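Comments concern the structure below.
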Amino acid sequence: MKNEILNLLLKENKISKEAAEEFSIYDIDGLMNTIKNVGKEKTEHIQRDKIIDGLDSPLFKENIYVYKEVMSTNTLAKFFADQGQDEETVVISEKQTKGRGRSGKKWESPLGGVWLTMIVKPRIDQTKASLITLATGVAVANTIKSFGIENVEIKWPNDILIDGKKVSGILTEAVAKLNSIKYIVIGVGIDVSLENNKMSGDLKEEAISLNKASGAKVDANEVIKRFLKEFEIIFKMFEDEKYEEILKEWRKDSYSIGKYAKIRQPFGNSFDAYIIGINKEGTLIVEKADGTLEKVISGEFEIKD
Ligand code: BTN
């Protein structure tokens, strides 16, 4: 296949069976293999060899793919999963041209970050799927702490903060068939060395990088290696249904519990509330001004002073 076509497919959000057909590529398995091979070629800033060398994570070791530039590692991972790619795969890119954040927001992804997506197929009930995002948050927080960085907290559901500033975000997308989970892709973005002015609008002021927080040059390959190990530990707990233990760890690092906040729900509904905690499903429980309790399943909030 011509390289220009492959680059276009990777960069321009053209990764799907239908899009490939548009380019007269009917051999989807061949396309998939070509893309996999590109993911094993040498890259400059993030290096597959360095990640694999001494990686103590049998879960992902066999299926790590690193790219120079893709539109979104989540989109590419979904293409992989749809083509029946083995579970426990990690897709990493040095840059993303169409990085995606939560609530349909754009996620700036230049050089200087860790942009990765894992494919997992946990043998769990669909109702437990949202807990995997919380579990991933714990894995990211533990990874950051392992670099000696203090004051690491998790803002519900999945922003990781250092000194109250965002350093990482998680975008989980589950694909279900009937009542069971076909696969889940978990996208993780970590700011390793970005300057604030390279971040998306509302992150400009509030973001922090690992370099800035640690006062040293942090190696992105090492971040990935430590994260995959941490994720493997928590994923095992998840598969063993140790949900309470995961929630306990999450609550220990929570930024939100016990604070007053303005809750903004989808469709513009917003109200002030006191954050009581999270329940077994990972849903946020808040108390409104009139004393009634409310479950917040999705939405954003700002802590009030
Ligand atoms: C958020 O809004 O906080 C979630 C951001 C998730 C960004 C990561 S970067 C790797 C993966 N690929 C994407 O397009 N998004 C996620």
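The values are calculated or read from the model by the stated rules, or taken from the named source; none is laboratory data. These figures come from a predicted structure and were not determined experimentally. Counting neighbours? That spans all protein chains shown, and the Cβs are built from the backbone with ideal geometry, glycine included. Protein only, heavy atoms only, side chains kept; ligands, DNA and RNA dropped before computing areas. Shrake-Rupley method; radii C 1.70, N 1.55, O 1.52, S 1.80 Å.
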Can you pull out the residues in segment 75-97 that are within 14 Å of the chain's Cα centre (by Cα) and open to solvent by 10 Å² or more (accessible area, probe 1.4 Å)?
THR75, LYS78, GLN96
Looking across segment 99-128 at residues that are part of a loop (DSSP other than H, G, I, E, B) and more than 7 Å from the ligand (Cβ to nearest atom), the single one that is nearest to ILE184 (Cα to Cα) is LYS121
LYS165 being touching a strand residue (DSSP E or B) at 6+ places or on another chain (Cβ under 9 Å), within 14 Å of the ligand (Cβ to nearest atom) and open to solvent by 20 Å² or more (accessible area, probe 1.4 Å)
yes
Being in a strand (DSSP E or B) and either at pLDDT below 90 or more than 11 Å from the ligand (Cβ to nearest atom) (or both), is that true of even one residue in segment 132-146?
no
If you take the residues of segment 56-74 that are open to solvent by less than 50 Å² (accessible area, probe 1.4 Å) and in a loop (DSSP other than H, G, I, E, B), which of them is nearest to the ligand (Cβ to nearest atom)?
SER72
Tell me which residues, restricted to segment 10-55, are surrounded by 15 or more Cβ atoms within 10 Å (Cβ to Cβ), at pLDDT below 75 and under 22 Å from the mean Cα position of the chain (by Cα).
LEU10, LYS11, ASN13, LYS14, ILE15, SER16
